[in-house]
């Protein structure tokens, strides 16, 4: 990618995230079927491509918020005719969408006992995908990576969201974030690689965050 192209993408990323002057940013005004879904729509398009390819039996989402993203994923799974979602958050909010494929869990995605309770008895032959979108501090994301990476099946994905903060390219002063957690994780874990092909739509909240399990 040319440097001029990257600057253009980064400028639009900042404008999209921060919003036009005098307006609430697009990020906070994104809804799925009436429920807040604070994700980039281009990333959601990539998610459905991944789901269609790997046909997951289980999606684990760390960070529920109002449940809009869980509902979006449930509707994609409806089209595929299979799969369920376990979505975890430390805060129990209401209302959240009700859907037979969604299971809400109150707790921390960094709690090893909770993760073992939820996943250790799952079938060995199911396809599992994990999305991290809770506390975006480096320490918390590193803990999530340590706990949840082993449950991702080979050929599936561990998606680390909001690697765009701390200057990648937005929120310059955020501090160590998911991007740095991923960098550190990949230095010692050769079972995952960055699948940059998932950034083909140019604007993504998850640069270097689409991790594919290869071993």
Taking the condition of being without any contact (Cβ under 8 Å) to a residue 24 or more places away in the chain and either outside any loop (DSSP other than H, G, I, E, B) or closer than 17 Å to residue 89 by Cβ (or both), how many residues in region 31-48 meet it?
1
Residue ID - farthest from the chain's Cα centre (by Cα), chosen from residues in region 141-155 that are closer than 22 Å to residue 51 by Cβ and crowded, with 19+ Cβ neighbours inside 10 Å
151
From the option list 98, 86, single residue qualifying as more than 30 Å from residue 6 (Cβ to Cβ) and assigned to a strand (DSSP E or B) is 86
Name the residues in region 172-198 that are surrounded by fewer than 19 Cβ atoms within 10 Å (Cβ to Cβ) and either touching a strand residue (DSSP E or B) at 6+ places or on another chain (Cβ under 7 Å) or touching a residue at least 60 places away in the same chain (Cβ under 8 Å) (or both), would you?
186, 191, 193, 194, 195
Answer with yes or no whether residue 16 is surrounded by 14 or more Cβ atoms within 10 Å (Cβ to Cβ), at pLDDT below 90 and not in a strand (DSSP E or B).
yes
Are any residues in region 127-157 in a loop (DSSP other than H, G, I, E, B), touching a strand residue (DSSP E or B) at 6+ places or on another chain (Cβ under 6 Å) and over 28 Å from residue 171 (Cβ atoms), and if so, which ones?
153, 154, 156
When you scan region 103-126, how many residues do you find that are surrounded by fewer than 21 Cβ atoms within 10 Å (Cβ to Cβ), free of Cβ contacts under 8 Å to residues at least 40 places away in the same chain and assigned to a loop (DSSP other than H, G, I, E, B)?
7
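The values are calculated or read from the model by the stated rules, or taken from the named source; none is laboratory data. In this text, all values refer to a predicted model and were calculated from it rather than measured experimentally. Here Cβ is always computed from backbone atoms with ideal geometry, including for glycine, and neighbour counts include all displayed protein chains.
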